[in-house]
Amino acid sequence: MKKKTGEPFVPIERHDTIRHEIVVLLQQREMSAREISMEMGISEKDVLDNLEHIRVMLHRSGTGIVVNPARCWKCGFVFRKRERLSKPGKCPVCRGEQIEEPLFSIGR
C-alpha cells in the first residue's frame, strides 16, 4: 500500500481563464496543440477542447482561428478540408503515419 505524503495538491495559480491565455498565446505566434499544452501545463486533449470553444467564441466576434493544416511528411498531402482540429492518424493517399501537426493562430 502506498504511503501518502500528507501534502495536499495545490493547483497552478492563474490570473486569467485558460481560454483567454490560449487566445493571448495564439495572438503572439502560430503554435501547435502540443506546444500550447506544454506552455500552459494542461493536456493536449484539453487544449483541443478549449480550441473548439475559442473557435465558436471568436467566430461570433468576427475574428477566428486560422488553421495551418496538417501535412504528410512522406507524400506531402495537405489536409485542407479537415474540420477536426486534432492531428490525423494516417495519410489517405500513402497511408503514412508521419503527419506534421496543424498549427493555430488568431486572425481576421
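The values are calculated or read from the model by the stated rules, or taken from the named source; none is laboratory data. Just so you know, these numbers come straight off a predicted model, no measurement behind them. So basically every Cβ, Gly included, is an ideal-geometry build from the backbone, and we count neighbours across all protein chains shown. To get the accessible areas, we keep the full protein, side chains included, count just its heavy atoms, and leave off ligands, DNA and RNA. Shrake-Rupley method; radii C 1.70, N 1.55, O 1.52, S 1.80 Å.
Can you tell me which residue in segment 1-40 is modelled with the lowest pLDDT, limited to those that are among the acidic types (D, E) and not in a helix (DSSP H, G or I)?
Applying the first criterion (among the acidic types (D, E)) to segment 1-40 yields 7, 13, 16, 21, 30, 35, 39.
Narrowing further to those that are not in a helix (DSSP H, G or I): 7, 13, 16, 30.
Details: E7: 79, E13: 64, D16: 73, E30: 93.
Taking the candidates together, the pick is E13.
Take the conditions without any contact (Cβ under 8 Å) to a residue 12 or more places away in the chain and either surrounded by fewer than 12 Cβ atoms within 10 Å (Cβ to Cβ) or closer than 20 Å to I22 by Cα (or both) and apply them to R34. Does it pass? If you could, list the steps in order and put the result at the bottom.
Details: without any contact (Cβ under 8 Å) to a residue 12 or more places away in the chain: no; either surrounded by fewer than 12 Cβ atoms within 10 Å (Cβ to Cβ) or closer than 20 Å to I22 by Cα (or both): yes.
When the stated conditions are applied, R34 does not pass them.
Could you please let me know if R95 is open to solvent by 60 Å² or more (accessible area, probe 1.4 Å), in a loop (DSSP other than H, G, I, E, B) and modelled with pLDDT under 90?
Working: open to solvent by 60 Å² or more (accessible area, probe 1.4 Å): yes; in a loop (DSSP other than H, G, I, E, B): yes; modelled with pLDDT under 90: no.
No, not satisfied.
Which of the residues that make up segment 50-92 are within 15 Å of I22 (Cβ to Cβ), outside any loop (DSSP other than H, G, I, E, B) and among the β-branched types (V, I, T)?
Hits for segment 50-92 are I54, V56, I65, V66, V67.
Among the residues of segment 43-61, is any exposed (fewer than 14 other Cβ atoms within 10 Å of the Cβ), over 21 Å from G107 (Cα atoms) and at pLDDT 90 or above?
Within segment 43-61 (the criterion being exposed (fewer than 14 other Cβ atoms within 10 Å of the Cβ), over 21 Å from G107 (Cα atoms) and at pLDDT 90 or above), the answer is yes, since at least one residue qualifies.
Looking at the structure I just gave you, is G64 touching a strand residue (DSSP E or B) at 6+ places or on another chain (Cβ under 9 Å), surrounded by fewer than 11 Cβ atoms within 10 Å (Cβ to Cβ) and free of Cβ contacts under 8 Å to residues at least 60 places away in the same chain? Let's see the steps before the verdict.
Values: touching a strand residue (DSSP E or B) at 6+ places or on another chain (Cβ under 9 Å): yes; surrounded by fewer than 11 Cβ atoms within 10 Å (Cβ to Cβ): no; free of Cβ contacts under 8 Å to residues at least 60 places away in the same chain: yes.
In short, no.
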